[in-house]
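The values are calculated or read from the model by the stated rules, or taken from the named source; none is laboratory data. Nothing here was measured: the structure is a model prediction, and the numbers come from that model. Please note: Cβ atoms are built from the backbone with ideal geometry, for glycine as well, and neighbour counts cover all protein chains shown. Areas reflect the complete protein model, heavy atoms only, side chains present, ligands, DNA and RNA absent. Shrake-Rupley method; radii C 1.70, N 1.55, O 1.52, S 1.80 Å.
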Amino acid sequence: TVHGFVVTPEGDGPFPLALDVHGGPEWLWADQFHPKVQGLVDLGLAVALVNYRGSIGYGRDWRDSLIRNVGFFELEDELAGLDHLIEEGIADPDRIVLMGRSWGGYITLLGLGMEPDRFICGVAGVPVGDYVEAYVDSAPSLQAMDKALLGGAAPDVLEFITPRSPITYVRNVKAPVHIQFGENDTRCPPRQVRLYIDA
C-alpha cells in the first residue's frame, strides 16, 4: 500500500492530471498547503502526490527500500497511484503530465523514457538525466549519498545503474519535455543534463 494525496478542481472528473513526484528521495508530501499545487488546480488540473518507497515518515524499511534499488520502485509506485486515479474516474489517461524537481526530476525523465505512451508532457526541474555523468560532476557529499544508494561509485556499478539512468531510454521519449537547471549547480550538475538534452 502506497500513501498519497490527490487535489482536484471543482466539478466532475476525469480531469487532466499532474503527477508531481517529490524530490529527495528522503522527503515526502505532507498534508499542507502547496502554492504550486493550488495553482495547477486553479488551472483545472487534478494533482497527484505519491509518497513512493524511499519517502520518509513510513518507517526505516520503507525509507531504506531504495538502497541498491533506485529508480524502479519510485516509478512503480507513482504509476500505481496514477492507475488508481484513472480507475476511480479522477484522472483522464490521455491527459497526464509527469513532473518533479531534483530526485523527482530524475524519476520524471526515467518515466518519460520507460513509459513513453502514458504522458502528454513532462516537466523536470534540476533532474538527473545521465546518472553516471551526474555522479562524476557532483559535490562530494552527493557522491557519498550515491555510493550508499548504489552500492558503489556510479562508474563502478555500470551494470546496475545503466538501466536506471534516464539517458538509457531517451530515444523512447515521445512527449515534449521542459527541463530547468542551473549553470552552477553542484547538486544537479549541468553537463549531464545537457548530455541528456543533446541525446
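From the list Arg53, Arg63, the lone residue that is at pLDDT below 95, basic (Lys, Arg) and open to solvent by 40 Å² or more (accessible area, probe 1.4 Å) is Arg63.
Tell me, please, whether a residue that is open to solvent by 30 Å² or more (accessible area, probe 1.4 Å), under 30 Å from Gly151 (Cα atoms) and not in a loop (DSSP other than H, G, I, E, B) can be found in the range 33-48. No. Residue under question is Leu149, and the condition is that it be within 18 Å of the chain's Cα centre (by Cα), part of a helix (DSSP H, G or I) and more than 30 Å from Thr8 (Cβ to Cβ); does it hold? So Leu149 fits the description; yes.
Annotation: Ala144 fulfils all but one of (1) touching a His at 6+ places or on another chain (Cβ under 9 Å); (2) without any contact (Cβ under 8 Å) to a residue 12 or more places away in the chain; the unmet one is (1). Residues that are β-branched (Val, Ile, Thr), part of a helix (DSSP H, G or I) and within 17 Å of the chain's Cα centre (by Cα) do not occur anywhere in the range 172-190. There is at least one residue in the range 113-129 that is within 17 Å of Val70 (Cβ to Cβ), touching a Gly at 6+ places or on another chain (Cβ under 6 Å) and part of a strand (DSSP E or B). Flag set for Gly152, criterion: open to solvent by less than 40 Å² (accessible area, probe 1.4 Å), more than 21 Å from Leu75 (Cα to Cα) and either in contact (Cβ under 8 Å) with a residue 60 or more places away in the chain or out of contact with any helix residue (DSSP H, G or I) (no Cβ under 6 Å at 6 or more places or on another chain) (or both). Number of residues in the range 1-10 that are assigned to a loop (DSSP other than H, G, I, E, B) and at pLDDT 95 or above: the value is 3. Name the residues in the range 98-115 that are within 13 Å of Ile167 (Cβ to Cβ) and open to solvent by less than 10 Å² (accessible area, probe 1.4 Å), would you? Across the range 98-115, the qualifying residues are Tyr106, Leu109, Leu110, Leu112, Gly113.
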